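Notes follow once the structure below has been shown.
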Amino acid sequence: MVKALLIVLDGAGDRALKELRRKTPLEVARKPNIDSLASKGVTGLMYAIAPGIRPGSDTAHLAIFGYDPYKTYSGRGAFEALGAGLELKEGDVAFRTNMATIDDDWRVLDRRAGRYIEGAEGLERALNEIEIASHPEVKVIYKHTVEHRGVLILRGPSLSNKVSDVDPHKVGAKVLKAKPLDNTPEAKITAEVLNEFTRKSHEVLAEHPINKERVKKGLPPANVVLARGAGKLPHIISFKEKYHMKAAAIAGIALIKGIARAVGMDVLEVKGATGGLNTDVKAKFSKALEALRGDYDFVFLHIKGTDAASHDGDVRAKIGMIERVDEVLGWFLSEVDLPDLIIAITSDHATPITVKDHTGDAVPLLIAWDEIVSDDVNSFDERACMKGGLGVLTGKDLMNVIANFMGKLEKFGE
Ligand code: ZN
Ligand code: ZN
C-alpha cells in the first residue's frame, strides 16, 4: 500500500537576499538529504492560494489540504479552540484571547500581563462562572492555554462570527467595543455578549486574590480578557471522505493542530514539539515514522521554526532550522522501512527576511517516490524548482497529485 508523508516548512520560502549574495535561505542552507529527494523525485513551484495572494498560515493550510479557503475559512478562533483540545458545537463562536493589564480608564498597559501568569487555572475558574445577564441563554467557556493566552467560546442558539475584536492590538490604546460586522441580529447579539463578558472579566479578575497577590509583588495584574479573531466551525467534508485515507497530523502550534482537526485528521501529540526554534524535530519525525508504520495512510508534519525565524528577520536562524530538519530527515530516511512511501516537501507561503511577514511569492515543492518520473532538478529551492516537472501548481492541486499516486482517487467519467 502506498503511503505518504507531507512535510510543510512554514514560511520557508524567501527572496534573493542581499546578505546571501542574492540567494535564498533554501539555496544557501546545507541540506543534502532534502536535495537527494529532489534528485530522486519531481519538483515544481506552488502558490498555496493563487499567484500573488498573501496567505495566512490557516488559509494556506486549508488550501494545501484541498479546501477552498474563500468558501471554508470561518475565522481563526475556531481553529485555535480545536487546537487547544476543546470540542466545538455547531453554532459556537470561538475567540483567541490574551489576558492583559489595563488601567482604570480601560487603557492597555501590557497586552500580555507580564506573559507568565502563575495560578492561571484559578483565574480560568473565575472566568467560567461569568453569567451573561443581557442574554442568559448564552454560556461562556474559557480555557487558559499557555502563558497569557487562552480560548473563549460563546455557546448559544443564535450567535455569529461576524463581530470585531475587543483587543486593540497595541499598548496605550483603549479596549475596543465589539461591533457587529453585518446587519444580522446574530451579529448584534454576539457583540453585546462579548462586550458584557469583557466588562465582567475585568470585574472578576481585578478583584481576584491571584491578582491582588501579583500587584503586591509588583507584577502586572492579569485584569481583563481581550478577545479577537471570532470564528465558527467550517462546514466541510472530511479529509477521509475526500481522499479515502486515514490521516494524522504532527504540529507544535494550536492553530495548525486546529485546522488538522477541523478537516478530520487525528492530531498526534508529541512531547517537545513547541512550534518554536527549540522544537524537538527528531521527536516529530519519530512520531511520523510510528504513525506510518501503524495504520495511517497519510501523515502531515508541520515545522513552524522556519516561519518564526523569518518573522524575527533572523536569516541565520532560518538557515539553521532548515539544516536541522535536513539532518533529522537523514535519520528518518535511514530508519524508514516502508516499501512504498511518497515524501512531499513544501512551504505554505514565503516569509521573506526582508518583509518579516507572509508574501504571495511561489514556494518550492518536491514529491519523491520510486515510481515517479523524475526531472533534472537536484535541489529543493525557489530557483532550481522553477525548472521542475510539476510546473506551477496551486495548493488545491497538491493533495490530488499525491492522492493520485496513492491510488486513492475515483475516476472522473468512464
Ligand atoms: Zn505559515
Ligand atoms: Zn507566519
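Couple of notes before you dig in:
- Evaluated over the Cα positions of the chain, the convex hull gives a direction-averaged projected area, one quarter of its surface, of 21.9 nm².
- DSSP-assigned coil residues among trypsin sites (Lys or Arg not before Pro) in the range 46-101, each with at most 15 further Cβ atoms within 10 Å: Lys89
- Seen through its C-alpha gyration tensor, with square-root eigenvalues sorted a ≥ b ≥ c, the range 329-408 comes out prolate because a/c lies at 1.5 or above while a/b is bigger than b/c.
- Projected label distance in nm at Ser334 and His235, using a 7 Å step from Cα toward the beta-carbon: 5.2
- Most mobile listed residue (Glu382, Glu213, Glu186) in the chain, GNM with C-alpha springs under 10 Å: Glu213
- Using C-alpha pairs below 8 Å separated by at least 6 residues, the relative contact order for the range 81-231 is 32 percent.
- Of the listed residues His135, His61, the order by accessible area with a 1.4 Å probe, largest first, is His135, His61.
- Sorted peptide list for 398-409, 339-350, criterion being average Cβ within 10 angstrom, highest first: 339-350, 398-409
- Applying a DSSP loop filter and a limit of 14 other Cβ atoms within 10 Å to the GluC sites (Glu not before Pro) in the range 78-159 leaves Glu87, Glu90, Glu118, Glu129, Glu131, Glu137.
- Applying the criteria of a DSSP loop state and at most 15 other Cβ atoms within 10 Å to the GluC sites (Glu not before Pro) of the range 255-336 yields Glu269.
- Shown here: the range 81-231, whose C-alpha atoms stretch 46, 30, 27 Å along the first, second and third principal axes, sorted largest to smallest.
- MRE, 222 nm, helices only [DSSP H, n ≥ 4, -39500 (n - 2.57), over the chain, to nearest 500]: -9500 deg cm²/dmol
- Counting DSSP beta bridges with both ends in the chain, the antiparallel % (nearest 5): 60
The values are calculated or read from the model by the stated rules, or taken from the named source; none is laboratory data. Note that the coordinates shown come from a computational prediction; the quantities given were computed from them, not determined experimentally. When we count neighbours, we look across all protein chains shown, and the Cβ atoms used for this are built from the backbone with ideal geometry, even at glycine. Only protein heavy atoms, including side chains, enter the accessible area calculation; ligands, DNA and RNA are left aside. Shrake-Rupley method; radii C 1.70, N 1.55, O 1.52, S 1.80 Å.
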